[in-house]
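Beneath this line is the structure, given in structure tokens, with notes to follow.
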Amino acid sequence: MATADGMNPMTSVSLLYFFTFFAFACQGRFLAIFYAEFGLRNDHIGILLATGSFVGLVSTPIWTRVCDHVRGKRTVLLTSIVAASAAIISYTVPWTSLGAALGLLPQTTGLFAWMFVVRCVYSFFFTPVGSILDAIAGETMIGI
């Protein structure tokens, strides 16, 4: 059975898993180095990494409930990925004219606060992606 674009559903799900866990692996392994390159202190890096886990712990049940309520897992998945991508891009704001206007200069407390907010937003949207993807994969496997 093929999807509307002619691709086997198993191939679609496999590709989704590949790219999702590729993103998890990249950010999980190198995030501490990324923060250190911004000039954040070790204690701030630890807080940011722990915050991501805590926000994910809280947000996953929220997003799975939203999926059940709207009955549109693929739409919620796409929304989550787009919002998480926007959060990743917003890491660069301190090096723009907007960042300078907001006082988010490197080596400042404002930079840590900005990174904290971005990390929370990113974790809120991206951490539940694995659970949503599992639900989509389960539905796909049943439909084959």
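Descriptive notes on the structure:
- In plain terms, the residue of F34, F22, F112 with the fewest other Cβ atoms within 10 Å comes first and the most crowded comes last, giving F22, F34, F112.
- In the chain, the calculated helix contribution to ellipticity at 222 nm averages -27000 deg cm²/dmol per residue, counting -39,500 (n - 2.57) for every DSSP H run with n ≥ 4.
- The chain: relative contact order as a whole-number percent, Cα under 8 Å and 6+ apart: 36 percent
- Candidates A101, A32, A23: whichever shows maximal mean-square fluctuation once the chain is modelled as a Gaussian network with Cα springs under 10 Å: A101
- Set against the labelled values (i) 55, 40, 27; (ii) 70, 40, 33; (iii) 55, 28, 27, Cα extents along the principal axes in Å computed from this structure falls on (iii).
- When exposed loop sites are taken as trypsin sites (Lys or Arg not before Pro) in a DSSP loop with at most 16 other Cβ atoms within 10 Å, the longest stretch of the chain clear of them is 72-144.
Each reported figure results from applying straightforward, stated rules to the coordinates on display, with no laboratory input. If you're wondering where the values come from, they're calculated on a predicted model, not measured in any experiment. Note: ideal-geometry Cβ built from the backbone for every residue, glycine included; neighbour counts use all protein chains shown.
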